[in-house]
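Here is the structure we will look at, set down as structure tokens.
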Amino acid sequence: MALEPAPTAAALIIGNELLSGKVEEANLPLLARNLRGLGVELRRVVMVLDHIPTIAEEMRQLSASHDWLFTSGGVGPTHDDVTIEAAALAFGTNVISHPDLEAMIRGYYGDKCTDGHLRMALMPEGASLESSPEVPWPTIRVKNTFLLPGIPEVFRIKLPVVMSRITAKIPYFSRAVYTKMDEGDLKPLLDRVVADFRDVDVGSYPKWRDPAYKTKLTFDGRDEARVRAACDAFVATLPEGEPQKVE
């Protein structure tokens, strides 16, 4: 029986510092792994500058063409944090200061609270605040779009709450095979498996100067039995002494 299509997701990564190379993007791998574990297919990733019209246009397109959209960056208190304004533009609403957020910020900073700090209470009108007892500082959600911070440590803290709002489907299952063979020698063996198991995503990833292996092969899909069968079929074609490891 054919599985229902996997829900789809896109990521919009925001920040001049990323496109200039001053900061390395670190949130995408974590997001991708978490979505994979829920059976959500991350189909598109876009990285843009801190430019409101550009962010808004990408947000409109990506939220309309995917089940879920996740943004990273631009939700802080400084001049280059413009994601909130862009989200309001994208969804045709206004920017407001949420009283609950403002109260949290005033309570945290006390007498040291500034107008800059209070910028973090801004949100698109009509958005919801997603939080949990373990992570009380909320994440802003506008329809199917979650506005996450770009700071990796904070992104990591908030991600479990966001993931809990996504209805779990059929998770992806993966197997990996490590060999000391070159990709050129592996190609005819892989072609055979790809032809026989079109519902399994087969990947080949060479590694240079690693004494343990030369090529890592992966087999991914939402039907565990089919993934195992594809992996086993490939391993059965390898010469004596291979593979080095299967996991």
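The values are calculated or read from the model by the stated rules, or taken from the named source; none is laboratory data. Just so you know, these numbers come straight off a predicted model, no measurement behind them. Quick reminder, even Gly has a Cβ in these numbers, built from the backbone with ideal geometry, and neighbours come from all protein chains shown.
A few points about this structure:
- When region 115-133 is filtered for residues that are assigned to a helix (DSSP H, G or I) and among the aliphatic types (A, V, I, L, M), the ones remaining, listed by number, are LEU118, MET120, ALA121.
- Hits in region 206-232 - residues which are without any contact (Cβ under 8 Å) to a residue 24 or more places away in the chain and among the small types (Gly, Ala, Ser): ALA225
- Filtered residue count, region 57-114, keeping only those that are part of a loop (DSSP other than H, G, I, E, B) and under 21 Å from ASN16 (Cβ atoms): 10
- Counting the residues of region 33-88 that are of a type in the set (S, T, N, Q) and either surrounded by 19 or more Cβ atoms within 10 Å (Cβ to Cβ) or at pLDDT below 95 (or both) gives 5.
- Selection from region 11-47 of residues that are closer than 18 Å to GLU57 by Cβ, of a type in the set (Val, Ile, Thr) and in a loop (DSSP other than H, G, I, E, B): none
- Among the criteria (1) modelled with pLDDT of 95 or more; (2) within 24 Å of PRO29 (Cα to Cα); (3) among the aliphatic types (A, V, I, L, M), the one VAL95 does not fulfil is (2).
- Any hit, region 233-246, residues being in a strand (DSSP E or B), in contact (Cβ under 8 Å) with a residue 12 or more places away in the chain and under 30 Å from GLU4 (Cβ atoms): yes
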